[in-house]
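Everything below concerns the one structure shown next.
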Amino acid sequence: MDDLLSRTRAAVWHPCTQMKQLEAAPPLAIARGEGAWLIDTDGRRYLDAISSWWVNLFGHCNPRINAAITDQLGKIEHVMLAGATHAPVVELSERLAKLTGLGHAFYGSDGASATEIALKMSAHFWRNSGRPEKNGFISLKNGYHGETVGALSVTDIPLFKSTYAPLLRHTVQVPTPDARLAEPGESAKAYALRCADALEAHLAEHAATIAAFIVEPLVQGAAGMAMYHPAYLTRVRELCNRYGVHLIADEIAVGFGRTGTMFACEQAPPLPLAGSDFNPVRPDFICLSKGITGGYLALSAVLTTDDIYAAFYGTATARGFLHSHSYTGNPLACRAALAVLDIFEHDNVIAANRVRAIEFTRILSEVAAHTRVHHFRSRGMIWAFDVADASPGFVSRFHQAMLAQGVFIRPIGNTVYAMPPYVTSADDMRGLADAVLVCLDNPEI
Ligand SMILES: *Cc1c(COP(=O)(O)O)cnc(C)c1O
């Protein structure tokens, strides 16, 4: 294990890490995984309480996903998707279209590449429609959409963004409906609608030069699991319709059941148009990644409407969307994603999670009531709270103290959150709650 740690320090540049800090806080050397648990090279077990950065859904080494990938390995591991196609990518596109109501799927590798694709497609749509001046973007304050240069332009996390400011395109951030920011006595809904008014004020003036508004539906993950009222999404859909601006739903983190529905947008109350009960708020683009393969392989997808797709269709090559990544539509990743969708269907996962979420919230009730805990909140399979008196160094002290108790958790600022795989048991969750209470009871942490 020590050997692996010195070699990783010498040869691997770890993500989102000041490498010098690895001297004091070495990374876990993981040998294998088993359901919701990670097992290190010394045989110590850690509950993967944040699903390996929000990607894992059905546990590590899931037999059904393993079998699908293994089966695909014996057929074709990869073929380029320009000039060729294959059953896994066709079937996945059909099934995602049914789930999202968006008819065409374009593939990338990571979440950030999905953001890039959606931004480029939106601006290109307006160009193809004779409105090339509509190429600006709006996003939410504290929003996160990835860290490649285009995606970082619509991200608003200073720690990730400031250093690269000279490289980035100017975009505008509007107030976040994060319910923690409501005035005393103001409901989460009233506050969300007040934030939507601020968006409207901006659109009223600038819509002529704006291509799209990109948003993380219901939960701003990297902002510290900031949760907001779903009425915001309905209002935003109306505003985007009225002002002729695309709505991009970045469901990279919240998709695939994390917030309690398959996609977070489904929780937006129906638009007060149409007179139909079933009128879900549908974005113009949806970005999917992370859980899409159950946390197995790098895959992302951007789905969009038939109308947007049609604007690219024609005889002129440059009218087409000429974007590409080498591994676009990788068959192994698509098979993993199909296995994930099968599990959702066969195990009725969304309904089962509804029951699980109620139980986990009850298990965490003592945490919620702790005097150091503020803004305890949950949505679907995500739980979070803020530690009011967190002092500098809290993140690493809390992280290390949880590791010592067999739980892998990494706070964001003073926010502690759990986003466990859906195979986490009530006993696992009780262990997590007990470990959190030990940390909270220790004034040194
Ligand atoms: C993680 C994330 C991304 C970026 O995905 P990567 O795969 O890390 O590039 C984009 N948007 C949201 C909301 C995310 O949580």
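The values are calculated or read from the model by the stated rules, or taken from the named source; none is laboratory data. Model, not experiment: these values are computed from the prediction. Note: ideal-geometry Cβ built from the backbone for every residue, glycine included; neighbour counts use all protein chains shown.
Can you name the number of the only condition in (1) over 30 Å from D347 (Cβ atoms); (2) without any contact (Cβ under 8 Å) to a residue 60 or more places away in the chain; (3) crowded, with 17+ Cβ neighbours inside 10 Å that F385 fails?
(1) is the only condition that F385 fails.
Restrict the check to the range 123-135 and report whether at least one residue is of a type outside the set (S, T, N, Q) and within 16 Å of the ligand (Cβ to nearest atom). I'd like the intermediate steps shown before the answer.
As a first pass, look at the range 123-135 and keep what is of a type outside the set (S, T, N, Q): 123-127, 130-134.
If we keep only those that are within 16 Å of the ligand (Cβ to nearest atom) too, we end up with none.
No, the range 123-135 has no match at all.
Of all the residues that make up the range 194-212, how many are under 23 Å from the mean Cα position of the chain (by Cα) and either within 16 Å of the ligand (Cβ to nearest atom) or touching a residue at least 40 places away in the same chain (Cβ under 8 Å) (or both)?
Initially, the range 194-212 is screened for residues under 23 Å from the mean Cα position of the chain (by Cα), giving 195-196, 199, 211-212.
Cutting the leftovers down to either within 16 Å of the ligand (Cβ to nearest atom) or touching a residue at least 40 places away in the same chain (Cβ under 8 Å) (or both) gives us 196, 199, 211-212.
Number satisfying all stated conditions: 4.
Where residues in the range 219-236 are over 17 Å from V172 (Cβ atoms) and touching a strand residue (DSSP E or B) at 6+ places or on another chain (Cβ under 6 Å), which of them is nearest to the ligand (Cβ to nearest atom)?
The qualifying residue nearest to the ligand (Cβ to nearest atom) is V219.
Looking at the range 286-327 only, could you name the residues that are within 20 Å of the chain's Cα centre (by Cα) and more than 13 Å from the ligand (Cβ to nearest atom)? Walk me through how you get there before you give the answer.
First pass over the range 286-327, keeping only residues within 20 Å of the chain's Cα centre (by Cα): 286-304.
Within the range 286-327, G294, Y296, L303, T304 qualify.
A352 versus (1) closer than 22 Å to G33 by Cβ; (2) crowded, with 18+ Cβ neighbours inside 10 Å: which is the lone unmet condition?
Exception for A352: condition (2).
Identify, please: which residue in the range 100-122 is closer than 19 Å to L341 by Cβ and in a helix (DSSP H, G or I) and is, among those, nearest to the ligand (Cβ to nearest atom)?
G111
Just need a number here: residues in the range 298-342 that are surrounded by fewer than 20 Cβ atoms within 10 Å (Cβ to Cβ), assigned to a helix (DSSP H, G or I) and touching a Phe, Trp or Tyr at 6+ places or on another chain (Cβ under 7 Å).
Summing the residues that are surrounded by fewer than 20 Cβ atoms within 10 Å (Cβ to Cβ), assigned to a helix (DSSP H, G or I) and touching a Phe, Trp or Tyr at 6+ places or on another chain (Cβ under 7 Å) in the range 298-342 gives 1.
Which residue, of K120, K134, is surrounded by 15 or more Cβ atoms within 10 Å (Cβ to Cβ), assigned by TED's automatic domain parsing to the domain that holds V219 and in contact with a Phe, Trp or Tyr (Cβ under 6 Å, 6 or more places away or on another chain)?
Values: K120 fails: in contact with a Phe, Trp or Tyr (Cβ under 6 Å, 6 or more places away or on another chain).
One residue alone meets the criteria, K134.
When you scan the range 1-95 for helices (runs of 4 or more DSSP H) that lie fully inside it, which ones turn up with 1 or more residues that are on the phi < 0 side of the Ramachandran plot and either outside the structural domain of L403 (by TED's automatic domain parsing) or among the basic types (K, R) (or both)?
Details: elements: 2-11, 51-54, 63-73.
Once the helices (runs of 4 or more DSSP H) in the range 1-95 are filtered for at least 1 residues that are on the phi < 0 side of the Ramachandran plot and either outside the structural domain of L403 (by TED's automatic domain parsing) or among the basic types (K, R) (or both), what remains is 2-11, 63-73.
Could you grab me the full set of residues in the range 57-92 that are without any contact (Cβ under 8 Å) to a residue 24 or more places away in the chain and either touching a strand residue (DSSP E or B) at 6+ places or on another chain (Cβ under 7 Å) or among the hydrophobic types (A, V, I, L, M, F, W, C) (or both)?
Residues satisfying the conditions are A84, A87, V90.
Does Y243 satisfy the condition of being within 18 Å of A123 (Cα to Cα) and either touching a strand residue (DSSP E or B) at 6+ places or on another chain (Cβ under 7 Å) or modelled with pLDDT of 95 or more (or both)?
Values: within 18 Å of A123 (Cα to Cα): yes; either touching a strand residue (DSSP E or B) at 6+ places or on another chain (Cβ under 7 Å) or modelled with pLDDT of 95 or more (or both): yes.
Taking the combined requirement at face value, the residue satisfies it.
List every residue pair whose Cβ atoms sit under 6 Å apart, with the two residues 6 or more apart in sequence or on different chains, where the first one lies in the range 178-190 and is closer than 16 Å to P217 by Cα and the second, anywhere, is among the aromatic types (F, W, Y) and surrounded by 14 or more Cβ atoms within 10 Å (Cβ to Cβ).
D178/Y228; A179/Y228
Anything in the range 213-243 that is more than 22 Å from R377 (Cα to Cα) and either of a type in the set (S, T, Y) or without any contact (Cβ under 8 Å) to a residue 60 or more places away in the chain (or both)? List them, or say none. I'd like the intermediate steps shown before the answer.
First, pick out the residues of the range 213-243 that are more than 22 Å from R377 (Cα to Cα): 213-214, 235-243.
The answer is R235, V236, R237, E238, L239, C240, N241, R242, Y243.
Suppose we filter E345, E366 for residues that are more than 24 Å from E216 (Cβ to Cβ) and surrounded by fewer than 14 Cβ atoms within 10 Å (Cβ to Cβ); which single one remains? Break it down into steps so the answer makes sense when it comes.
On the way: E366 fails: surrounded by fewer than 14 Cβ atoms within 10 Å (Cβ to Cβ).
After ruling out the rest, the residue left standing is E345.
Check whether at least one residue in the range 130-141 is outside any strand (DSSP E or B) and more than 28 Å from R319 (Cβ to Cβ), and report yes or no.
Pass one, the range 130-141, residues outside any strand (DSSP E or B): 130-135, 141.
Next, from what is left, pick out any that are more than 28 Å from R319 (Cβ to Cβ): 141.
The answer is yes, given that some residue of the range 130-141 is outside any strand (DSSP E or B) and more than 28 Å from R319 (Cβ to Cβ).
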